[in-house]
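Just below is one structure, and these are the notes that go with it.
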Amino acid sequence: MLLALAVLVAGLLWVARVKAPALYWVLVGLPAALYRVFASYRATMEACELTVDPPWWRVFAKGANGSGEVPPGIPRIRSIRPTATGLRLRLRLAAGLAPENVVKSAERLRHAWGVHSIHVAVVKPGVVELRLTAFDVLARVRMPRRLITGPLSAVVGLREDGRPFVRDFRKIPHSLTLGANDSGKSMYQRCLIKALAPLDVALVGVDCKRGVEQSPFAPRLTALATNPEDADGLLTALVGEMEDRFDVLVLHQGITPGTALEDITSDIWGLPAKLRPVPVIVLIDEIAELFLTTSRADTERRDRMVTQLIRYAQLARAVGMYLEINGQRFGSELGRGATALRAQLTGRVVHRCNDKQTAEMGLGDVDELAVLAATSIPPEQRGVAIAGDSSGGWSRIRTPKTSLGEAAGVCRQFAHLTPELPALAAWRPAAIEPAASSRIP
């Protein structure tokens, strides 16, 4: 009887480990990991060379008392917090240790404590946090239920340390997403639009593939351009809207002799809410289509569009206008102005790349290790990407599987939030009815 019960319990735990790794972690993995951490903490720190010589006064006191050798100093555990995917250990570093020492030893700590991965984050000078993950959270993305974001923040995916990946337009106004065909760029765009749809923002689409990617989101789009000719006019109108907002900002920013210094502002977020224009996010799908030319007229139009894009990227942040660009490649081979535009895109998300040069376009100025990670993503891991920014920080992320219909459904649900911008009225997408001749019998 006991043997049968033990076999049943073992079978259930095995099923939980495969099908519900978070449940298995809470029931079995967490107690085992806590035991390994506390039972071998000092020995592990010493084996991983995370030690410093003890202070002279302690050595002197021990010698005077004849009580033996003084153990070396090690990081002290300040707090420990279990999570659904692992553990968070906050450590106070011993004098003489740096966060880089912990980063170099992270792989050895991972094996010593039997966890899937360990990520090191600096909390403040002298304090680091070890984020232990119990299993590969990117193998099957499960987004946290409780997500707290800002007014212009969108949760797009999951980081490899179990935290949500948040696209915050206030912190990173413009971003570039690169990747090969079928790498997950479209999935990333769907997740982004799905997260932005409930927010008080104006979404503007530029999809020169006749709108096949962005037309399903039309109910939530304030404007949509589906060919280079329309994109030319739309970008010109966006720059005009940007200049009008600067006029409003100058008129109401409060630079008068009697104005309190704290009320003087240089961006729209310092204006009163009733005067603040709605934020605008421009989503460009396949940027190369705006650069390609086949005639002199196309070249003139391309140069005009690129100039407007560069102006927009350089100036628009202050008036609440942001840019999100997608593409397979984005280098100097696209033509004049490509690298100047790319330099304005602080955020970088790079999916699987077929060549190192493409990864370097997005991550070469972030970290060389990030470039290597982008070229090492297997084809079967669709949706996995490397997210970085100009600060040099980067991490592996993955977007949850989201169908086009699911994202379109959210756009329909929040269609009533779509703001009307008079300057962009000519590009307001209308309801699309299928032509009778195009229906497949």
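Mind listing whichever residues of the range 181-202 are of a type in the set (A, V, I, L, M) and open to solvent by 10 Å² or more (accessible area, probe 1.4 Å)?
Scanning the range 181-202 gives Met187, Ala195, Leu199.
Of the numbered conditions (1) closer than 22 Å to Ala426 by Cα; (2) within 24 Å of the chain's Cα centre (by Cα); (3) open to solvent by 80 Å² or more (accessible area, probe 1.4 Å), Asp244 fails exactly one; give the number of that condition.
Condition not satisfied by Asp244: (2).
Could you tell me which residue of the range 358-371 is most open to solvent (accessible area, probe 1.4 Å), considering only residues that are over 22 Å from Glu333 (Cα atoms) and among the aliphatic types (A, V, I, L, M)?
This residue is Leu369.
Of all residues in the range 127-139, how many are at pLDDT below 90 and in a strand (DSSP E or B)?
Of the residues in the range 127-139, 0 are at pLDDT below 90 and in a strand (DSSP E or B).
Taking the stated definitions as given, is Val350 under 30 Å from Met242 (Cα atoms), without any contact (Cβ under 8 Å) to a residue 60 or more places away in the chain and in contact with a Ser or Thr (Cβ under 8 Å, 6 or more places away or on another chain)?
no
Exactly one of these conditions fails for Leu249: (1) open to solvent by less than 20 Å² (accessible area, probe 1.4 Å); (2) of a type in the set (A, V, I, L, M); (3) over 19 Å from Arg311 (Cα atoms); (4) out of contact with any strand residue (DSSP E or B) (no Cβ under 6 Å at 6 or more places or on another chain). Give me its number.
Against the list (1) open to solvent by less than 20 Å² (accessible area, probe 1.4 Å); (2) of a type in the set (A, V, I, L, M); (3) over 19 Å from Arg311 (Cα atoms); (4) out of contact with any strand residue (DSSP E or B) (no Cβ under 6 Å at 6 or more places or on another chain), Leu249 comes up short only on (3).
Looking at this structure, is Arg352 within 21 Å of Lys209 (Cβ to Cβ), among the basic types (Lys, Arg) and surrounded by fewer than 21 Cβ atoms within 10 Å (Cβ to Cβ)?
Answer is no for this residue.
For the range 391-404, check the following and say yes or no: at least one residue is among the aliphatic types (A, V, I, L, M) and open to solvent by 10 Å² or more (accessible area, probe 1.4 Å).
The answer is yes, given that some residue of the range 391-404 is among the aliphatic types (A, V, I, L, M) and open to solvent by 10 Å² or more (accessible area, probe 1.4 Å).
Arg142 is checked against (1) open to solvent by 70 Å² or more (accessible area, probe 1.4 Å); (2) out of contact with any strand residue (DSSP E or B) (no Cβ under 8 Å at 6 or more places or on another chain); (3) more than 30 Å from Ile287 (Cα to Cα); (4) at pLDDT below 90 and fails just one. What number does that condition carry?
(2)
Within the range 81-120, work out how many residues are without any contact (Cβ under 8 Å) to a residue 40 or more places away in the chain and among the hydrophobic types (A, V, I, L, M, F, W, C).
Residues meeting the conditions: 7.
Return the residues of the range 264-323 that are open to solvent by less than 50 Å² (accessible area, probe 1.4 Å), under 16 Å from Gln344 (Cα atoms) and not aliphatic (A, V, I, L, M); say none if nothing qualifies.
Gln308, Tyr312, Gly320, Tyr322
What's the total number of residues in the range 372-390 that are open to solvent by 60 Å² or more (accessible area, probe 1.4 Å) and farther than 25 Å from Lys171 by Cβ?
Residues that pass the stated criteria total 6.
Test Arg159 against the stated conditions and say whether it is surrounded by fewer than 22 Cβ atoms within 10 Å (Cβ to Cβ), of a type in the set (D, E, K, R) and at pLDDT 90 or above.
Considered against the rule, which asks whether it is surrounded by fewer than 22 Cβ atoms within 10 Å (Cβ to Cβ), of a type in the set (D, E, K, R) and at pLDDT 90 or above, Arg159 comes out as yes.
Counting only residues that are open to solvent by 20 Å² or more (accessible area, probe 1.4 Å) and touching a Gly at 6+ places or on another chain (Cβ under 8 Å), how many does the range 332-341 have?
1
So, Gly157, is that one in contact (Cβ under 8 Å) with a residue 12 or more places away in the chain and more than 30 Å from Leu315 (Cβ to Cβ) or not?
No, not satisfied.
Tell me which residues, restricted to the range 96-126, are in a strand (DSSP E or B), among the β-branched types (Val, Ile, Thr) and in contact with a helix residue (DSSP H, G or I) (Cβ under 9 Å, 6 or more places away or on another chain).
Ile118, Val120, Val122
Considering Gly205, Gly211, which residue is part of a loop (DSSP other than H, G, I, E, B), buried (at least 18 other Cβ atoms within 10 Å of the Cβ), touching a residue at least 12 places away in the same chain (Cβ under 8 Å) and of a type in the set (Gly, Ala, Ser)?
Gly211
Could you say which residue among Arg78, Arg110, Arg58 is among the basic types (Lys, Arg), modelled with pLDDT under 85 and surrounded by 12 or more Cβ atoms within 10 Å (Cβ to Cβ)?
Arg58
The values are calculated or read from the model by the stated rules, or taken from the named source; none is laboratory data. Everything quoted here is computed from the prediction, not taken from an experiment. All Cβ positions, even for glycine, are placed from backbone atoms using ideal geometry, and neighbour counts span all protein chains on display. In case anyone asks, the SASA skips ligands and DNA or RNA and just uses the protein heavy atoms, side chains included. Shrake-Rupley method; radii C 1.70, N 1.55, O 1.52, S 1.80 Å.
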